[in-house]
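**Student:** Below is a structure I'd like to ask you about.
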Amino acid sequence: MEEQLEQQNKIEADLHRVGQEVREQVGGVVTPEATERALVRQSLQPMITAPSTQTPQRGRAATDDAMLPTYMKDVTVDIKDRVERLVEDAFAHGVEHAAEEAQKSGPFVVDALHDALSDRFYEELKKRNLV
């Protein structure tokens, strides 16, 4: 029970930190959704910390079947499942834990995790009125 509360506190802290960073950068100015999404993405980058030579630069919108980047529609089911599990892991155990696990699978999975988390974080921050 205590471990579950500690894990929940990690994701809450991650969400609040990212939300605070976005609010500071926006500075009270009404900002387009695309800009807010980009700021969330930028704020998550240091938490995931895996520079890659394979950074996909297009089609970051989520697919219909899951909160995965569109460029993942043509990858294997195993990789899709891995990224989906890592996103769930981030919400269960914190972003840094999920990032450590993603790094074991290589730079493509790390980049996909970053993109998928950016979308999920943005949606969660909007839902909580943190951005």
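The values are calculated or read from the model by the stated rules, or taken from the named source; none is laboratory data. Note that the structure is predicted; figures quoted are calculated from it, not measured. Here the Cβ positions follow ideal geometry from the backbone for every residue, glycine too, while neighbour counts run over all protein chains shown.
**Student:** Among the listed residues Q54, Q8, identify the single one that is among the polar types (S, T, N, Q), loosely packed, with under 13 Cβ neighbours inside 10 Å and either at pLDDT below 90 or closer than 17 Å to E124 by Cβ (or both).
**Tutor:** None of the other options fit; the residue is Q54.
**Student:** Right, here's the next one. Looking only at the stretch 74-114, count every residue that is in contact (Cβ under 8 Å) with a residue 12 or more places away in the chain and among the basic types (K, R) and tell me the total.
**Tutor:** 2
**Student:** Which residue, of Q20, Q45, is under 15 Å from Y122 (Cα atoms), more than 14 Å from the chain's Cα centre (by Cα) and at pLDDT 90 or above? Give the derivation first.
**Tutor:** On the way: Q45 fails: more than 14 Å from the chain's Cα centre (by Cα).
Criteria check complete, one pass: Q20.
**Student:** Among the residues of the stretch 64-78, is there at least one that is farther than 28 Å from N9 by Cβ, at pLDDT below 90, small (G, A, S) and not in a helix (DSSP H, G or I)?
**Tutor:** No - not one qualifying residue is present in the stretch 64-78.
**Student:** So, one more: From the list A112, A92, exactly one residue is crowded, with 17+ Cβ neighbours inside 10 Å, assigned to a helix (DSSP H, G or I), aliphatic (A, V, I, L, M) and at pLDDT 90 or above. Which is it?
**Tutor:** A112 is the lone residue from the list that is crowded, with 17+ Cβ neighbours inside 10 Å, assigned to a helix (DSSP H, G or I), aliphatic (A, V, I, L, M) and at pLDDT 90 or above.
**Student:** I'm trying to understand the selection: among the residues of the stretch 66-94, which are of a type in the set (F, W, Y) and either touching a strand residue (DSSP E or B) at 6+ places or on another chain (Cβ under 6 Å) or under 12 Å from R120 (Cβ atoms) (or both)?
**Tutor:** If the condition is that a residue be of a type in the set (F, W, Y) and either touching a strand residue (DSSP E or B) at 6+ places or on another chain (Cβ under 6 Å) or under 12 Å from R120 (Cβ atoms) (or both), then F91 is the only one that fits.
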